[in-house]
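Participant: Once you've had a glance at the structure underneath, I'll fire off some questions.
The values are calculated or read from the model by the stated rules, or taken from the named source; none is laboratory data. Fair warning: this is a prediction, and the values are worked out from it, not measured in the lab. Cβ coordinates were reconstructed from backbone atoms using ideal geometry, including for glycine residues, and neighbour counts include every protein chain displayed. These area figures cover heavy atoms from the full protein model, side chains too; ligands, DNA and RNA do not enter into them. Shrake-Rupley method; radii C 1.70, N 1.55, O 1.52, S 1.80 Å.
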Amino acid sequence: NIFQNLIFKFFFKLADDIVVNSFQFKDSFKKKFSINPKVIYNPLVIKSPKKINFPFFKDKNSLKIINVARLTDQKDHLTLLRAFTKLNTISKCKLVIIGSGYKEKILKKFILNNQLQNKVKLIGYKENPISYMKLSDVFVLSSSFEGLPNVLIEALYLKKYIISSNCPTGPSEILGNGKYGDLFKVGNHDQLFNLLKNIKKNHKKIKYKIKKGYESLHRFDYKINCEKYLQVVNKYL
């Protein structure tokens with residue numbers, strides 16, 4: 001609200017430097033507060049996936065979809081579940097959602113009402129979700145807003161096909177505006193369904209996007225971005 005914006009603007013003006021973690025976030029910051037912050041990507045350390053026994057994803061003939069996110073309104077899992085419900089009527093598929101949160105009961109009720117108990121698993125919070133992501137075919141992010149979602153960078157590292165909502169901010173920047181994965185309009189489960197439905201048809205395009213996405217990971221290099229933070233801090237030492 002207006003009162004909050006005035007408070008934020010006052011304190012931001014007192015800062016020597018302001019750092020944000022995406023160029024989209026920078027543009028929003030400039031429009032909202034007339035301040036030009038620096039962009040430094042998250043210095044991301046990706047844990048190596050461990051070998052795990054997860055029978056739910058063992059069916060080679062099923063499309064294996066995964067989502068990693070807190071079970072909150074922001075992450076908009078219902079859009080993903082609605083798209084999956086339609087996909088389930090025409091093809092063999094499985095969906096795993098990793099995360100915990102206050103929306104769990106609502107999501108479980110949707111799964112029960114649509115008879116998806118054998119097709120969708122909510123497996124709660126996992127310390128190293130990357131081990132489960134490695135077993136999947138597709139990573140889907142359905143959020144209504146983000147900052148710079150690290151989980152998409154992890155999916156690029158694992159060479160997974162990524163489908164993400166084109167929410168503010170971060171996903172389109174990480175995915176090169178669709179060069180490294182595909183984007184759908186926030187809340188549009190039909191658009192998400194169509195992207196999932198056409199995976200086999202678009203196999204060659206998807207393979208190319210995955211390759212290019214992996215090659216783009218240097219942007220998020222841990223040492224490079226830590227060095228950028230150090231340069232900012234060193235100015236005031």
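Participant: FRET efficiency for Tyr229 and Leu116, Cβ-Cβ distance as r, R0 = 41 Å, nearest 0.05?
Facilitator: Working: r = 44 Å, r/R0 = 1.07.
The computed FRET efficiency comes out at 0.40.
Participant: Which value, in debye to the nearest 20, gives the size of the charge dipole of the chain about its Cα centre, when Lys and Arg are +1 and Asp and Glu are -1 at the Cβ?
Facilitator: Numbers: 44 positive and 17 negative charges, 190 e Å.
The calculated dipole for the chain is roughly 920 debye.
Participant: Additional query: Pairs of alpha-carbon atoms within less than 8 angstrom and 6+ residues apart define the contacts here; what relative contact order does region 70-162 have, in percent? Spell out each step's value before the answer.
Facilitator: Working: 91 pairs, mean separation 31.0, N = 93.
Answer for region 70-162 is 33 percent.
Participant: To continue, here is another question. In straight Cα distance, which aspartates and glutamates are under 12 Å from Lys159, not counting same-chain residues fewer than 8 positions off?
Facilitator: Asp137, Glu215
Participant: Let me ask another. Given just the C-alpha atoms of the chain, how large is their convex hull per residue in cubic angstrom? Mind dumping the intermediate values first?
Facilitator: Values: hull volume 33.6 nm³, N = 237.
Dividing the Cα hull volume of the chain by its residue count gives 142 Å³.
Participant: Also, quick follow-up: At Asn177 and Leu78, where each label point lies 7 Å from the Cα along Cα→Cβ, what is the point-to-point distance in nanometres?
Facilitator: My value for the distance between the label points is 3.3 nm.
Participant: Now for a different question. Work from the charge dipole of the chain (Cβ charges, +1 for Lys and Arg, -1 for Asp and Glu, about the Cα centre) and give the residue of Gly170, Leu183, Gly147 farthest towards its positive end.
Facilitator: Positive-end residue among those listed: Leu183.
Participant: Volume per residue, Å³, of the convex hull around the alpha-carbon atoms of region 68-208? Mind dumping the intermediate values first?
Facilitator: Details: hull volume 14.1 nm³, N = 141.
Per-residue hull volume (Cα only) is 100 Å³.
Participant: Could I ask something else about it? Just need the relative contact order of region 1-88 here, percent rounded to a whole number, with Cα pairs under 8 Å and 6+ apart.
Facilitator: On the way: 36 pairs, mean separation 14.9, N = 88.
Result for region 1-88 is 17 percent.
Participant: Which chymotrypsin sites (Phe, Trp or Tyr not before Pro) from region 95-125 combine a DSSP loop assignment with at most 16 other Cβ atoms within 10 Å?
Facilitator: Tyr102, Tyr125
Participant: Over the chain, with every protein chain in place, what whole percent of the accessible area is carbon and sulfur at 1.4 Å, could you tell me? Walk me through the numbers before you get to the answer.
Facilitator: Details: 7330 of 13490 Å².
C and S atoms contribute 54 percent here.
Participant: What do you get for trypsin sites (Lys or Arg not before Pro) in region 52-120 restricted to DSSP loop and a cutoff of at most 10 other Cβ within 10 Å of the site's Cβ?
Facilitator: On the way: sites: Lys58, Lys60, Lys64, Arg70, Lys75, Arg82, Lys86, Lys92, Lys94, Lys103, Lys105, Lys108, Lys109, Lys119; in loops: Lys58, Lys60, Arg70, Lys92, Lys103, Lys119.
Hits after loop and neighbour filter: Lys60.
Participant: Moving to a separate point now. I need the calculated FRET efficiency for the pair Ser91 and Ala15, taking r as the beta carbon distance and R₀ as 41 Å, to the nearest 0.05.
Facilitator: Details: r = 51 Å, r/R0 = 1.25.
So the FRET efficiency works out to roughly 0.20.
Participant: Right, something else. Per residue, how many Å² of accessible area does the chain show with a 1.4 Å probe?
Facilitator: 57
Participant: Normalising by the residue count of the chain, find the relative contact order in percent from Cα pairs under 8 Å and 6+ residues apart.
Facilitator: Working: 363 pairs, mean separation 50.8, N = 237.
Reported as a whole number, the value is 21 percent.
Participant: Of the trypsin sites (Lys or Arg not before Pro) in region 189-227, which ones lie in a loop per DSSP and count no more than 16 other C-beta atoms within 10 Å? Could you put the intermediate results ahead of the total?
Facilitator: Working: sites: Lys197, Lys200, Lys201, Lys204, Lys205, Lys207, Lys209, Lys211, Lys212, Arg219, Lys223; in loops: Lys200, Lys201.
Taking region 189-227 and a limit of 16 other Cβ atoms within 10 Å, the loop trypsin sites (Lys or Arg not before Pro) found are Lys200, Lys201.
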